[in-house]
């Protein structure tokens, strides 16, 4: 992310103000992301984590496993519909 932010201004030098890309959750644990989502009223049931593309999260890929663990460690009911 730092490298991207470093190179981006060079790529858009003709603009008056270069865009800044921020990823405020990148260094957080999943449980912290879940708690932050709850705190700000984010619709966590509408977020997507699954590596697969489908109507529901698969529930078995690595990303789904991280998601499940994040909700469990946060002490929050997981609203996700798994296949």
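Working only within segment 1-37, note down all residues that are closer than 21 Å to residue 74 by Cβ and surrounded by 13 or more Cβ atoms within 10 Å (Cβ to Cβ).
Scanning segment 1-37 gives 28, 29, 30, 31, 32, 33, 34, 35, 36, 37.
Tally up the residues in segment 50-66 that are in contact with a strand residue (DSSP E or B) (Cβ under 8 Å, 6 or more places away or on another chain) and either loosely packed, with under 10 Cβ neighbours inside 10 Å or without any contact (Cβ under 8 Å) to a residue 24 or more places away in the chain (or both), please.
Residues in segment 50-66 being in contact with a strand residue (DSSP E or B) (Cβ under 8 Å, 6 or more places away or on another chain) and either loosely packed, with under 10 Cβ neighbours inside 10 Å or without any contact (Cβ under 8 Å) to a residue 24 or more places away in the chain (or both): 2 in total.
Among the residues of segment 5-12, is any in contact with a helix residue (DSSP H, G or I) (Cβ under 6 Å, 6 or more places away or on another chain) and either modelled with pLDDT of 85 or more or farther than 18 Å from residue 80 by Cα (or both)?
no
Please go through segment 49-76 and give me each residue that is closer than 30 Å to residue 7 by Cα and part of a helix (DSSP H, G or I), ordered by number.
Residue satisfying the conditions is 63 alone.
Within segment 38-48, take every residue that is under 12 Å from the mean Cα position of the chain (by Cα) and either in a loop (DSSP other than H, G, I, E, B) or touching a residue at least 60 places away in the same chain (Cβ under 8 Å) (or both) and give me the one that is surrounded by the fewest Cβ atoms within 10 Å (Cβ to Cβ).
That would be 48.
Of all residues in segment 11-35, which are over 17 Å from residue 69 (Cβ atoms) and assigned to a helix (DSSP H, G or I)?
The one that is over 17 Å from residue 69 (Cβ atoms) and assigned to a helix (DSSP H, G or I): 11.
The values are calculated or read from the model by the stated rules, or taken from the named source; none is laboratory data. Here the structure is a predicted model, which is why all the values come from computation and not from measurement. Reconstructed Cβ throughout: ideal geometry from the backbone, glycine too, with neighbour counts over all protein chains shown.
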